Amino acid sequence: MTAQATPPGAAQRLPRTLALRLGVPVVAVALWQLAARARGSVFFPTPARIVDHGYHLWFSGPAERAFLTDAAVRDLLPSLGRVLAGFALAAAGGIVLGLALGRSRTVYALCDPVLQFARAVPPPALVPVFVVVFDLGTPMQLASIVFGAIWPVLINTAEGVRGIDPLRLDVAATVRMRPAARIVLLYLPAALPRIFAGLRLSLSLSLILMVFSELLPGTADGIGFSLTDAQTRSDLLTVWAVMVLLGALGHLLNSALLAVERLALGRHRAAHRT
């Protein structure tokens, strides 16, 4: 098999693409820096001060600990663990339930009113219920994340399964394909684009709900706790640093998911072409 040649002009377009993608953020940060310096307000620090404060607060630790400080180990790692665990549980549960519901139009029609009702309930409204069931702590926080983040995956998976070509189902029935083989060879590939659309929404919701769950009383660590503690102490520089950190964390997680999506969908399309 010969390697694919680089498309003509791709190397020439790369600098322009990078300039377009990085130009707007760079200009925005530069304008923010100039405006904050001109204003000189303690409520609106410059990006340079925010980044410097965040670096010394979280990323100036020893090399053997990946440069993480004690504050990073106390706040960043627990939050990252919660958001990843909650997202993983929501993704797994949503895909499994979506596959189960999407395979039967009758079951989906019966369950759809319940699904629409449940997804319309804001997760913060169920916090008192979660506190009673799980008590304060990580289980309650994970329950809040999973309940709010599962619906985009579940509904998109079910819709993707329902959209499969009926002819392919007829062929599977003709050759007496087993249910497990149908899931792997028919339903999952057909629903894959919709599944990743739901996963992207679910990831954003997981990050938001993680912060919300850590703002509740009884929380002793996490990014949300750090934000509340900084507000209580009127430490505005830390408040800004936390907000920038959350934006950067969301961007990194979304970029990682997009890379997985491109890889998975690329292999899916290549398999369909062969």
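The values are calculated or read from the model by the stated rules, or taken from the named source; none is laboratory data. As the structure is a prediction and not an experimental result, all values here were calculated from the model. Cβ placement follows ideal geometry from the backbone for every residue including glycine, while neighbour counts extend to all protein chains displayed. Only protein heavy atoms, including side chains, enter the accessible area calculation; ligands, DNA and RNA are left aside. Shrake-Rupley method; radii C 1.70, N 1.55, O 1.52, S 1.80 Å.
Things worth noting here:
- Residues in region 160-179 that are part of a helix (DSSP H, G or I) and either surrounded by fewer than 19 Cβ atoms within 10 Å (Cβ to Cβ) or touching a strand residue (DSSP E or B) at 6+ places or on another chain (Cβ under 8 Å) (or both): Arg162, Pro166, Leu167, Arg168, Leu169, Asp170, Val171, Ala172, Ala173, Thr174, Pro179.
- When each of Arg200, Arg182, Arg119 is tested for being open to solvent by 40 Å² or more (accessible area, probe 1.4 Å), farther than 23 Å from Leu265 by Cβ, basic (Lys, Arg) and assigned to a helix (DSSP H, G or I), the lone residue that passes is Arg119.
- Of the criteria (1) closer than 25 Å to Arg74 by Cβ; (2) open to solvent by less than 20 Å² (accessible area, probe 1.4 Å); (3) more than 15 Å from the chain's Cα centre (by Cα), which one Ala191 fails: (1)
- Residue check: Thr238 meets all listed conditions (1) open to solvent by less than 60 Å² (accessible area, probe 1.4 Å); (2) closer than 22 Å to Ala149 by Cα; (3) of a type in the set (Val, Ile, Thr) but one, namely (2).
- Pairing each residue of region 39-66 that is in contact (Cβ under 8 Å) with a residue 24 or more places away in the chain with any residue that is assigned to a loop (DSSP other than H, G, I, E, B) and open to solvent by less than 100 Å² (accessible area, probe 1.4 Å), provided the two are 6+ apart or on different chains, yields C-beta distances under 6 Å for Trp58/Thr69.
- All conditions but one from (1) part of a helix (DSSP H, G or I); (2) closer than 23 Å to Val83 by Cβ apply to Gly218; the one that does not is (1).
- For region 203-218, filtering for residues that are buried (at least 20 other Cβ atoms within 10 Å of the Cβ) and of a type in the set (S, T, N, Q) leaves 2.
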